[in-house]
Amino acid sequence: MNSTPLLKPTPWDTAAFGMPTWELAEYTKTALQQAAQTVGHFTLKVDPLADKRLLHEYGYYYCDTLIEPHCNAPRLRAVQHPEATFSREVDVEQALAICHGAFAHGRFHRDFNLPKAAADLRYDNWLKQLLDARQVYGLYWQGTLAGFIAHSGNNLVLHALAGKYRGKGWSKYWWSAVCGELLSTGHHEVKSSISAANLAVFNLYASLGFTFSNPQDIYHRMTT
C-alpha cells in the first residue's frame, strides 16, 4: 500500500496567503477527491500533453507553464563587462526593494483568487530566507546594486533586476558570471525554472547556451 501523502502542505505559501496551502503529489482521481474535501489553495503540476478532463471536472484552472533551462560548462557562453560585477555581500533592504513586485509573471500573481500583495509577500519572504542562508549573489553595475540571483545548490531559484536596469542587454553579463561561478565550484550543470510567458528571461537563457526541458502546466484550485 502506498503511504505517500497525496496532499503535501506548503507552509511557506501558508505564511504569505494566510490560509492552508497544498500541492498534490500526483494527478489521480483519488488525489483530486481528497483535495476537494480539504480546505485551502491547491497546486497541481501536470505534463502539458496530459488529458486535462479531470482537472476541469474538479474545478482546477490554468495559471502557468514552467520550463527548465539548463547548461553545462562547455555550452555556457561567457560574456564579461568591467562595470557588471557580483558579490555575496548584499544589502538586505535594497535587495527586498528590488524583489517587491518584480514577479508579475509568477503563477501566484496570475491567480485571480489570490491578492497581489500576498503574492509579493511570498517572494519577499523567500528572498529573506535565501539571504539569511547566504544563497544570494548581489548584481552590481558600477558598484550599485542592480539586482540579485538566488540559488539552491546549482539551481537558480529566484532572480530579478531593478526596473531601470532592465531592457539594456546587461543581464547576460551577470547571469554568465554567476553561472560560471557555480560551475567552477564543481557543479556539473546550472539549471532554473521559468515561466514560458517570460520571454525576456527565456531569450536570455537561450543566448547564453542553455537548452530547455521538462515543461509542466501549473493548475490551481481554491477550496472553501
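Assorted remarks:
- Relative contact order %, the range 69-214, counting alpha carbon pairs below 8 Å whose residues are six or more apart: 38 percent
- Of LYS45/LYS164; LYS168/LYS191; LYS45/LYS191, pairs whose Cα-Cα distance is over 28 Å: LYS45/LYS164
- Of the residues PHE212, PHE202, the one with the fewest other Cβ atoms within 10 Å heads the list, and the complete ranking is PHE212, PHE202.
- Just so you know, the Rg over Rh for the range 69-214 is 0.94, from Cα atoms, with Rh as the Kirkwood radius.
- Taking 0.36 nm per residue of separation and subtracting the current Cα-Cα distance, fully stretching the chain between GLN33 and SER213 would add 61.8 nm.
- Centre separation in Å (Cα based) which lies between the range 53-88 and the range 164-224: 3 Å
Values quoted throughout were computed directly from the atomic coordinates according to the rules given, and no laboratory measurement underlies them. In this text the structure is predicted, and so the values were computed from the model without any measurement. Positions of Cβ are backbone-derived with ideal geometry, glycine not excepted, and every protein chain shown enters the neighbour counts.
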